[in-house]
Amino acid sequence: MTESTSNILIKERFEDSSTDIDSYIYLNGELKARDLEFCECNREHAIALNKIWHSRLPHAQKSPWQFAFKAHYNGLTYAVALWNNPCSRMLPKNWIELRRLAISSDAPKNTASRFLASMTRYFKQHHPEKERLISYQDTAVHEGTIYKASGWEIGYYSKPINRDRTEIKKGTNRLYRKNTNGKTVDKSPKIRWEKSLKN
């Protein structure tokens, strides 16, 4: 492993802990998105890489996550995703939300859109009980390009949240859950993108 790849070939990117990183052949700039493989992965693997790569939501709870996926080539992970029930309790229970999507800086062009399309096919084939995929775009830092490219549609525009989390949650005796990723994320308007699995 050369000095130029020492900050890229980190142990967290290999789900197989027995991989010999020092002898790994790194294909910098030679990979295409179509070369990547997409599959489910260990939740801990996805959480660890999300913490390193995600610009706005690096912190993710350990559980519960219904699904975790990775995009990889020859054992080296280039993207991870975590899915769970919709964060809004008003939405149907047979919908599922993409809560985290994190991509490495050296991932091939179009990795995100191909990864999203692959996960859509997975849910269609293996989970027919799921009716719709959703994901929220942070308008402060993203333009929704990957959703447009993957045929998703806008379902809802949300307003910024200015919530005092030190107060008691209305109708309960509990405080609001602390946002471990800071107040800035809450204050940004969101767009909910949706993809029907019944088409």
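Look at the stretch 31-75 and say how many of its residues are hydrophobic (A, V, I, L, M, F, W, C), within 19 Å of residue 117 (Cα to Cα), in contact with a strand residue (DSSP E or B) (Cβ under 7 Å, 6 or more places away or on another chain) and surrounded by 14 or more Cβ atoms within 10 Å (Cβ to Cβ).
Of the residues in that region, 9 qualify.
Using beta carbons and a limit of 6 Å, which pairs, at least six apart or on different chains, have the first residue in the stretch 4-32 and at pLDDT 90 or above and the second one polar (S, T, N, Q) and not in a loop (DSSP other than H, G, I, E, B)?
As it stands, the answer is 13/77; 26/5, since those pairs meet every condition given.
Take residue 99 and decide whether it is of a type outside the set (Ser, Thr, Tyr), at pLDDT below 95, out of contact with any Pro (no Cβ under 9 Å at 6 or more places or on another chain) and closer than 23 Å to residue 156 by Cα.
No: the conditions fail for residue 99.
If the requirement is being among the small types (Gly, Ala, Ser) and at pLDDT below 85, which of these qualifies: 144, 171, 151?
It is 171.
Scanning for something assigned to a strand (DSSP E or B) and exposed (fewer than 14 other Cβ atoms within 10 Å of the Cβ), does the stretch 76-86 turn up at least one residue?
no
Pull up the stretch 143-154, narrow it to residues that are surrounded by fewer than 15 Cβ atoms within 10 Å (Cβ to Cβ) and not hydrophobic (A, V, I, L, M, F, W, C), then point me to the one that is farthest from residue 110 (Cα to Cα). If you could, list the steps in order and put the result at the bottom.
Of the stretch 143-154, the ones surrounded by fewer than 15 Cβ atoms within 10 Å (Cβ to Cβ) are 143, 145, 148-149, 151, 153-154.
Cutting the leftovers down to not hydrophobic (A, V, I, L, M, F, W, C) gives us 143, 145, 148, 151, 153.
Details: 143: 15, 145: 10, 148: 12, 151: 14, 153: 19 Å.
Selected residue: 153.
Tell me which residues, restricted to the stretch 98-144, are within 29 Å of residue 12 (Cα to Cα), in contact (Cβ under 8 Å) with a residue 12 or more places away in the chain and assigned to a helix (DSSP H, G or I).
Matches in the stretch 98-144: 111, 112, 113, 114, 115, 116, 117, 118, 119, 120, 122, 123.
Please specify each residue of the stretch 45-75 satisfying the condition of being charged (D, E, K, R) and either within 13 Å of the chain's Cα centre (by Cα) or assigned to a strand (DSSP E or B) (or both). Give the steps one after another, and end with the answer.
Applying the first criterion (charged (D, E, K, R)) to the stretch 45-75 yields 51, 56, 62, 70.
If the condition is that a residue be charged (D, E, K, R) and either within 13 Å of the chain's Cα centre (by Cα) or assigned to a strand (DSSP E or B) (or both), then 51, 56, 70 are the ones that fit.
Within the stretch 18-37, is there a residue that is assigned to a strand (DSSP E or B) and under 23 Å from residue 123 (Cβ atoms)?
Within the stretch 18-37, one or more residues are assigned to a strand (DSSP E or B) and under 23 Å from residue 123 (Cβ atoms).
Of the residues in the stretch 51-74, how many are at pLDDT 95 or above and in contact with a helix residue (DSSP H, G or I) (Cβ under 9 Å, 6 or more places away or on another chain)?
Final tally of qualifying residues: 10.
Does residue 112 satisfy the condition of being among the hydrophobic types (A, V, I, L, M, F, W, C), surrounded by 12 or more Cβ atoms within 10 Å (Cβ to Cβ), in contact with a helix residue (DSSP H, G or I) (Cβ under 6 Å, 6 or more places away or on another chain) and at pLDDT 95 or above?
It is true that residue 112 is among the hydrophobic types (A, V, I, L, M, F, W, C), surrounded by 12 or more Cβ atoms within 10 Å (Cβ to Cβ), in contact with a helix residue (DSSP H, G or I) (Cβ under 6 Å, 6 or more places away or on another chain) and at pLDDT 95 or above.
The values are calculated or read from the model by the stated rules, or taken from the named source; none is laboratory data. Model, not experiment: these values are computed from the prediction. No Cβ is skipped: glycine too gets one built from the backbone with ideal geometry, and neighbour counts run over all protein chains shown.
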